[in-house]
Amino acid sequence: MTEDAGALYDAIIIGTGFAGVYGLHRMREAGFRVIAVEAGDDVGGCWYWNRYPGLRCDVDSLEYAYAFSQELQDEWRWSERYAPQSEIHAYIKFAADRLELRPHIRFNTRIASALYDDVAQVWSLTSEAGDSFRARYIVMATGCLSIPNKPKIKGIENFEGRLVHSMQWPDEKLVLSDKNVAVIGTGSTGVQMIPLLAQEARHLTVVQRTPAFCVPARNQPWNDARIEYWRQNYRDLRTMARNTRAGVLHEYGMLPAAAVRPEDRIADLERRWVKGGPNVLYGFNDLLVNEETNKLVADFLRGKIAQAVNDPEIAKKLMPYEYPVGTKRVCVGTDYYETYNRDNVSLIDLRSEKLQQIEKDGIRTDDGFYPVDVLILATGYDAMTGALLAIDISTSAGKSLRNEWGRGPETYMGLGIAGFPNMFVVTGPGSPSVFSNMVLSVEHDMDWITECLTFLKERDWPTFEADPAAQAAWMDHVDDVARQTLVNKAASWYRGANVDGKPQKFMPYVGGVNTYQARCREVAESGYEGFLVGGRALQDGRERELADG
Ligand code: N01
């Protein structure tokens, strides 16, 4: 019998990516009896599972790092502006070791079900292997992009070559030098791997359903002065980042495009383009709310595609027209468009060339046959809800998350779900999550949850649950804010549009990290307005008698 079999933990965290590792540390420091369970055999979350060639982050590494510890900051040195996967994974492992967390993590433990006993007020988790765990509270740190999307493409089951999803890259090196390789998908993953695969493969065929806007990373090694500047100003810089809408220190233009002289608009876009990274998207403050501004920036980016690609026909195929720029995630790449100038690269643009089927040794379209030995699915994820719904989450009172979310996810502030007491979600739907610097957001959420747990423990563990009315109002607000922007004009994974049969609903909160975190603070300070504590609302910060506390 394992030590977990008879134990009742204060909290169990599911997942040990950036969120789970920090949450475990934070809750242990706060005195809770807490463990984490992890499906993989190491920490790292998406940075553990994803290992495809070219993977690196598209947020500056100095910002895509924990803010809570001066020691971690001082002892780690990021090598490049956009750190590669191996370095980010090493950093999370370093944090877990430095904070001595491994003894508190149960690896190789994929949770299959979570059942809340409404009478005993205890969650029971059961792993796929049959191990069980019990806790008063569970914290879902399962990640927004952790369940691969494997679309049912006609004939794919007949393919006899090597089939690989980007998230399940094989441990052994894939030797591609004598292979015809095809990649399906041109989102951030495809854009990162395509230039490297093209260098290695005998021939590379790219299957594009919707072209991406891609900006140049201009990745480079950090110099000592930059690192030192961050060390000296770390706290202030992180505070500044928290007060922005993306949680990242982009150079935010403060004016709408119409308020800037036409010649200055283009000059500023050019300057930002040369600087590299997503900065080119932040020149005007109305990119996502004004169609004209959006078209101005989109035209600028389409012009860059025309300049980069030698064949005008191919350039045209690579140009996105069907959605406003920024409403699907803009990719940050290196030599992405230039790769299509290579002799060993072909582009199948599904807008103009109909896919007939995948065959045992290639791809057949209306225009011809493309031989393929290795087929790579860069087809993304069942985002934001996939990992939560992969676990059968239910209560003895008869609620099932799969039923409750049948028409799309509903949360209060992304943190709690009505009907599911004593369960927290980290960067859930309805929070800025994937529209923000994820590391900054997961730290915020784990801080908020830990403070909430302290509040509850001091009151002898009353139940804690989102009020259905507050949840409905928050969801209306999330929808309203999204409707004031252009984000619903794209068939994006933010809306679940990439997964067959998934309900279409814009999931992240686009009101900004700054606004969201201020609201979370108000909620906590008011005695958790919008949550039922011990079955009832605590109003105006004045606690009432708790029903069961
Ligand atoms: O996935 P995606 P991703 N037939 O969903 C296409 C983060 N990330 O793994 O656009 C043909 O964006 C699909 O086409 P369409 C980042 O947040 C970050 O690339 O749906 N094609 C699309 O082209 C990112 O946004 C980093 O029409 C099909 C592609 O597959 C998120 O993860 C790196 C298809 C999927 O693109 C997801 O990125 C990597 C089908 N049936 C990822 N189904 C960095 O930090 C799907 N597609 C840099």
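Numerical summary
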{"read-out": "Near pairs, Cβ below 7 angstrom, 6+ apart or cross-chain, from the stretch 333-353 (at pLDDT 95 or above) to any residue that is β-branched (Val, Ile, Thr) and in a helix (DSSP H, G or I)", "value": "Gly333/Val191; Tyr336/Val191; Tyr336/Ile194; Tyr337/Ile305; Thr339/Ile194; Tyr340/Ile314; Val345/Thr339; Leu347/Ile314"}
{"read-out": "Flag for Asp447 being closer than 27 Å to Val59 by Cα and either surrounded by fewer than 21 Cβ atoms within 10 Å (Cβ to Cβ) or in contact with a strand residue (DSSP E or B) (Cβ under 6 Å, 6 or more places away or on another chain) (or both)", "value": "yes"}
{"read-out": "Yes/no for Val248 being within 16 Å of the ligand (Cβ to nearest atom), of a type in the set (A, V, I, L, M, F, W, C) and in contact with a Leu (Cβ under 7 Å, 6 or more places away or on another chain)", "value": "no"}
{"read-out": "Failed criterion for Pro148 (all others in (1) over 30 Å from Val215 (Cβ atoms); (2) surrounded by 15 or more Cβ atoms within 10 Å (Cβ to Cβ) hold)", "value": "(1)"}
{"read-out": "Which listed residue, of Glu228, Glu263, is within 24 Å of Ala308 (Cβ to Cβ), outside the structural domain of Ser79 (by TED's automatic domain parsing), surrounded by fewer than 16 Cβ atoms within 10 Å (Cβ to Cβ) and among the acidic types (Asp, Glu)", "value": "Glu263"}
{"read-out": "Hey, Val207 at pLDDT 95 or above, under 21 Å from the mean Cα position of the chain (by Cα), on the phi < 0 side of the Ramachandran plot and within 16 Å of the ligand (Cβ to nearest atom) or not", "value": "no"}
{"read-out": "Test set (1) of a type outside the set (Lys, Arg); (2) at pLDDT 95 or above; (3) surrounded by fewer than 23 Cβ atoms within 10 Å (Cβ to Cβ) - Gly20 fails condition number", "value": "(3)"}
{"read-out": "Criterion violated by Asp171 - all others in (1) over 24 Å from Leu288 (Cβ atoms); (2) within 16 Å of the ligand (Cβ to nearest atom); (3) not in a strand (DSSP E or B) satisfied", "value": "(2)"}
{"read-out": "Residue identified as more than 26 Å from Lys399 (Cβ to Cβ), buried (at least 18 other Cβ atoms within 10 Å of the Cβ) and more than 16 Å from the ligand (Cβ to nearest atom) among Gly512, Gly534, Gly530", "value": "Gly512"}
{"read-out": "Those strands (runs of 3 or more DSSP E) lying entirely in the stretch 331-396 with at least 2 residues closer than 21 Å to Asp311 by Cα and within 15 Å of the ligand (Cβ to nearest atom)", "value": "345-349"}
{"read-out": "Some residue of the stretch 26-36 being crowded, with 24+ Cβ neighbours inside 10 Å and over 23 Å from Leu389 (Cα atoms)", "value": "yes"}
{"read-out": "Tyr48 over 23 Å from Ala383 (Cα atoms) and in contact (Cβ under 8 Å) with a residue 40 or more places away in the chain", "value": "no"}
{"read-out": "Tally of residues being without any contact (Cβ under 8 Å) to a residue 40 or more places away in the chain, more than 19 Å from the chain's Cα centre (by Cα) and in a loop (DSSP other than H, G, I, E, B) across the stretch 53-87", "value": "2"}
{"read-out": "Some residue of the stretch 232-251 being at pLDDT 95 or above and aromatic (Phe, Trp, Tyr)", "value": "no"}
{"read-out": "Any hit, the stretch 203-224, residues being surrounded by fewer than 19 Cβ atoms within 10 Å (Cβ to Cβ), free of Cβ contacts under 8 Å to residues at least 40 places away in the same chain and farther than 30 Å from Leu174 by Cβ", "value": "yes"}
{"read-out": "Matching residues in the stretch 183-202 - criterion: being assigned to a loop (DSSP other than H, G, I, E, B), surrounded by fewer than 24 Cβ atoms within 10 Å (Cβ to Cβ) and within 6 Å of the ligand (Cβ to nearest atom)", "value": "Gly187"}
{"read-out": "Among the residues listed as Ala39, Ala19, Ala11, the single one being assigned to a loop (DSSP other than H, G, I, E, B) and touching a residue at least 24 places away in the same chain (Cβ under 8 Å)", "value": "Ala39"}
{"read-out": "Qualifying residue in the stretch 235-251 (condition: surrounded by fewer than 16 Cβ atoms within 10 Å (Cβ to Cβ), of a type in the set (Ser, Thr, Tyr), assigned to a loop (DSSP other than H, G, I, E, B) and out of contact with any strand residue (DSSP E or B) (no Cβ under 7 Å at 6 or more places or on another chain))", "value": "no"}
{"read-out": "Test: residue in the stretch 402-414 that is hydrophobic (A, V, I, L, M, F, W, C) and touching a strand residue (DSSP E or B) at 6+ places or on another chain (Cβ under 7 Å)", "value": "no"}
{"read-out": "Candidate set from the stretch 397-429 (those that are of a type in the set (S, T, N, Q) and not in a strand (DSSP E or B)); member that is farthest from the ligand (Cβ to nearest atom)", "value": "Asn422"}
{"read-out": "Exclusive hit being more than 30 Å from Asp382 (Cβ to Cβ), among the charged types (D, E, K, R) and modelled with pLDDT of 95 or more, set Glu465, Glu543, Glu522", "value": "Glu522"}
{"read-out": "Filter result for the condition that a residue is in contact with a Gly (Cβ under 7 Å, 6 or more places away or on another chain), part of a loop (DSSP other than H, G, I, E, B) and away from the ligand (no atom under 11 Å from the Cβ), over Arg218, Arg272", "value": "Arg218"}
{"read-out": "Any hit, the stretch 26-38, residues being within 14 Å of the ligand (Cβ to nearest atom), at pLDDT 95 or above and either within 29 Å of Leu456 (Cβ to Cβ) or small (Gly, Ala, Ser) (or both)", "value": "no"}
{"read-out": "Unmet requirement for Val325, which otherwise passes all of (1) in a loop (DSSP other than H, G, I, E, B); (2) of a type in the set (A, V, I, L, M); (3) in contact with a Lys or Arg (Cβ under 9 Å, 6 or more places away or on another chain); (4) away from the ligand (no atom under 16 Å from the Cβ)", "value": "(4)"}
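The values are calculated or read from the model by the stated rules, or taken from the named source; none is laboratory data. Values in this document were obtained by computation on a predicted structure and should not be read as measured data. Glycine gets a Cβ as well: all are built from the backbone with ideal geometry, and neighbour counts include every protein chain shown.
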